[in-house]
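Here's the structure we're looking at; comments come further down.
The values are calculated or read from the model by the stated rules, or taken from the named source; none is laboratory data. On a predicted model such as this, the values are computed, not experimentally measured, just so you know. Quick reminder, even Gly has a Cβ in these numbers, built from the backbone with ideal geometry, and neighbours come from all protein chains shown. Heavy atoms of the whole protein, side chains included, go into the accessibility calculation; ligands, DNA and RNA do not. Shrake-Rupley method; radii C 1.70, N 1.55, O 1.52, S 1.80 Å.
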Amino acid sequence: MSFTVNATFSTILIAGFLIMLASSSMAQEIEYQMPVKEIADLVDAPRTPYVSLSPDQRWLLILKAPGLPPISEVAQREVRLAGIRLNPDTNGPSRGDYFISMSLKSIQNEKEIPITNLPDDPRIRNISWAPDSRHIAFSLTKENGIELWIADVKSGHARRLLGPCLNAAYYNTPFCWEPGGQSLLCKRIIENRGVLPQAGRIPTGPVVQENIGKTAPAPTWQDLLKNPHDEKLFEYFFSAQLIRLDLQGQTTTLNKEGLIKHVAPSPDGKYILISFIQRPFSYLVPAYRFPYRVEILDEHGKPIKLIADLPLAEEVPIQRDAVPKGPRAFEWRQDADATLYWVEAQDEGDPSQNVPIRDKVWALSAPFDHDAKMMCNLALRFGAIFWADDKVALVTEWWWKTRKERAWLFEPGAPQKQTRLIFDLSMEDQYNDPGTPMMMARPNGSRVLRLGKSGKVIYLRGQGASPKGDFPFLDEYNLYTGNKKRLWQCQAPYYEMVIDFLSQDNNVILSRRESSNEVPNYYIRNIKKNTCKALTDFPHPYPDLAKMTKELIRYPRNDGITLSATLYTPPGYSLLQGPLPVLMWAYPQEFKSADAASQVTDSPYRFLRFNWSSPLFWLVRGYAILDDPAMPIIGEKEKEPNDTYVEQLVASARAAVDELVRRGIADPERIAIGGHSYGAFMVANLLSHSQLFKAGIARSGAYNRTLTPFGFQAEERTIWQAQDTYVKMSPFMCADSLNAPLLLIHGEADNNSGTFPMQSERYYNALKGLGKTTRLVILPHESHGYRARESVMHMLWEMDRWLERWVKAR
């Protein structure tokens, strides 16, 4: 009797255990998996080198990047403070790319010189040419810190200038060249800074924040300071000493230490612009919004003038046209010896104020003992200034709400003269984009507008967007007559863009050329003689895919909007073989103009590039890929785009599906939709509001807009101003309508505003509770973009299994 009871009880236990194993809601901890070899080989294919042109335009620096780093590297210690992530062992960034080798190639005779004397397994960052092009400075990250090295261009020999004590904690490069190229200004870890502050095991009291009537909206930033101990850590890691370092490695302390935010020598080398972060810190905004002061020092580090002492910027409105109160954007005028300029909002940084002038540009010249002069007034928000000389400068302004962008010509030497309108554009209108002004390096390292011999013309390079795709161009433009002359434009079947001029007469350029099956390489092109000579010969990293097909397609939406996408089919595919399973990968975009939403903004002649996030891996699995199908969300004039987000999204997706089926490419029963970040948000909405797709893949998305109440993406209204829109757009709120299997993937350490991992976790829990088919994969140590080889391989394994099971097998 007891034997039977025990056996029955054991049977029940085993059965229950098996049911638990089979349950889709059971949490699983599995080892990293590898995708099929065809996909893994593409991940591990060598990356095409990066290239940097010397200021004197005589050398190419060729930089080799490694493959994906191992998870052991990504999992290294990390401190997260005030929106910044750093490695406490190196006092520098904990994430980011680096290079593992460098070489030089002469543009004149094509002689190649390797950079030698580097240590084994170097991690090269912060590459900077000397103004005279005789040396290259760069940092090397070691286990115990960050060193400063230089390489001699003539010999290629590299040597260390400074041991592992660079302070690279803040966003920008921890060093900069001084004019002449004989010395550098560096941020060094403060000597004898003491031991790392330790948090007490027993708290001394609560953490308290208080607000009394101040309006301080903020996005959902990650990694903010949380308590007094974080404040101590912030001061410990970000405090730096300013030093001068010559080419023999001799250091001069400039007697300025603190939380250094920015350092820049004046073009004549006699002054130093420096800014310092200061208390009080904030638990609401990242470090770049903390209080800071701006000073000018002489070349020996002695304070000359306090330019600004700016308060904490917690109360900046959430609109994109908003800026902090007071002066901002402090920079040296690039065409002058020592003239500082900055911008100051006239509307207190609040775009809701109705004022005739939004921004004023001010300038102050050495010896900085007089009042600043007003350079120009701007009715919109300041964009940038391109300096040439006292006669010519271009200033740009923009306004996001209307997507307006303008460029003005003014005389810096006579600011009282009336400015001349050069361009008046919509930043959405790619077809009429005039391009970007070409710049040139001066001997002191500053960069100024490249003018023609008359001093009246500039040179513009642009993407050349058109209904047939992008065809980059080079134009000569007369600033005073508006006459434009096309000097050169790329032609099919290539995508070729101008990098820089290589001759004083502007007839010879350096270009980068690629095609759908040719890797990008660099060319010397004589635009007057119409000759072209290859300068590099980087190999095709995916030769097995050289015969895949790529086509830019256009098709209508039901409201008359013309959409476009890039269609890829596997090598050797023919329509005679029948329809293929399809993976669509998309990312919605908001527009204020229906005409602009219909424009083509890609080229059918770009080279096929694989990176960790690409959907193109599935070409080797027999899928057709519809990459970046347009998903415009349009709200013209006073209409808000997102008020009809769902309707427009579904209409765009349906138009893409109908076009693929019409062409005979797709089987409507075997189409999947995928996306990353805002694209993941799109995927979840499409699976809840349509029946177009048989499965979805959503990576690192946000699904509940009540968790981003002060705006998201291009939405500038708060949830209290547009509650219905927030709720309607949230896939979490309609999880019960999801009608296809959904794979959710998220980085455990996502630092992107709004897409914290909780978004995927809560959405998965909702779907699981409603009995939907779903799977949640959390990648350890990964941020918004995934880096570790193990993580990427496992992600691809998950995606491949999902597609094979729910799409291809149907």
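Quick notes
- Taken across region 451-474, residues that are open to solvent by 40 Å² or more (accessible area, probe 1.4 Å) and among the aromatic types (Phe, Trp, Tyr) do not occur at all.
- Pairs linking a residue in region 31-46 that is assigned to a helix (DSSP H, G or I) to a residue that is buried (at least 16 other Cβ atoms within 10 Å of the Cβ), with Cβ atoms under 6 Å and 6 or more positions apart or on different chains, are GLU38/VAL620; ILE39/PHE617; ILE39/LEU796; LEU42/PHE610; LEU42/PHE617.
- None of GLN334, GLN346 is polar (S, T, N, Q) and either open to solvent by less than 20 Å² (accessible area, probe 1.4 Å) or under 29 Å from the mean Cα position of the chain (by Cα) (or both) except GLN334.
- Leading residue by the ranking (least open to solvent (accessible area, probe 1.4 Å)) among those in region 753-783 that are in contact with a helix residue (DSSP H, G or I) (Cβ under 6 Å, 6 or more places away or on another chain) and assigned to a loop (DSSP other than H, G, I, E, B): GLU782
- The set of residues in region 687-737 being assigned to a helix (DSSP H, G or I), among the acidic types (Asp, Glu) and more than 30 Å from GLU669 (Cα to Cα) consists of ASP724 alone.
- Set GLY258, GLY269: member being in contact with a strand residue (DSSP E or B) (Cβ under 7 Å, 6 or more places away or on another chain), on the phi > 0 side of the Ramachandran plot and of a type outside the set (Lys, Arg): GLY258
- Annotation note: of GLU636, GLU590, GLU669, GLU647, the sole residue that is within 25 Å of HIS689 (Cβ to Cβ) and without any contact (Cβ under 8 Å) to a residue 12 or more places away in the chain is GLU647.
- Filter result (open to solvent by less than 80 Å² (accessible area, probe 1.4 Å), out of contact with any strand residue (DSSP E or B) (no Cβ under 6 Å at 6 or more places or on another chain) and among the β-branched types (Val, Ile, Thr)) within region 208-255: THR220
- Count - residues of region 282-297 that are among the charged types (D, E, K, R) and not in a helix (DSSP H, G or I): 2
- Within the span defined as region 549-571, one or more residues are over 26 Å from PHE681 (Cα atoms), of a type outside the set (Gly, Ala, Ser) and part of a loop (DSSP other than H, G, I, E, B).
- Residue within region 729-746 that is in contact (Cβ under 8 Å) with a residue 60 or more places away in the chain, surrounded by fewer than 20 Cβ atoms within 10 Å (Cβ to Cβ) and under 30 Å from the mean Cα position of the chain (by Cα) present: no
- Counting residues in region 525-547 that are within 27 Å of ALA698 (Cα to Cα) and of a type in the set (Val, Ile, Thr) gives zero.
- Residues within region 678-706 that are β-branched (Val, Ile, Thr), surrounded by 22 or more Cβ atoms within 10 Å (Cβ to Cβ) and touching a helix residue (DSSP H, G or I) at 6+ places or on another chain (Cβ under 7 Å), tallied: 1
- Selection count, region 379-427, where residues are farther than 30 Å from GLU715 by Cβ, outside any strand (DSSP E or B) and open to solvent by 30 Å² or more (accessible area, probe 1.4 Å): 10
- Sole exception among (1) closer than 16 Å to PRO437 by Cα; (2) open to solvent by less than 20 Å² (accessible area, probe 1.4 Å) for GLU496, by number: (1)
- All conditions but one from (1) within 30 Å of ARG442 (Cβ to Cβ); (2) over 25 Å from the mean Cα position of the chain (by Cα); (3) outside any strand (DSSP E or B) apply to THR252; the one that does not is (3).
- Among the candidates LEU53, LEU68, residue that is within 24 Å of TYR171 (Cα to Cα), touching a Lys or Arg at 6+ places or on another chain (Cβ under 7 Å) and open to solvent by 30 Å² or more (accessible area, probe 1.4 Å): LEU68
- Extreme residue, farthest from ILE524 (Cα to Cα), among residues of region 95-112 that are part of a loop (DSSP other than H, G, I, E, B) and open to solvent by 40 Å² or more (accessible area, probe 1.4 Å): ARG95
- Every residue from region 448-490 that is over 26 Å from PRO267 (Cα atoms) and among the β-branched types (Val, Ile, Thr): THR481
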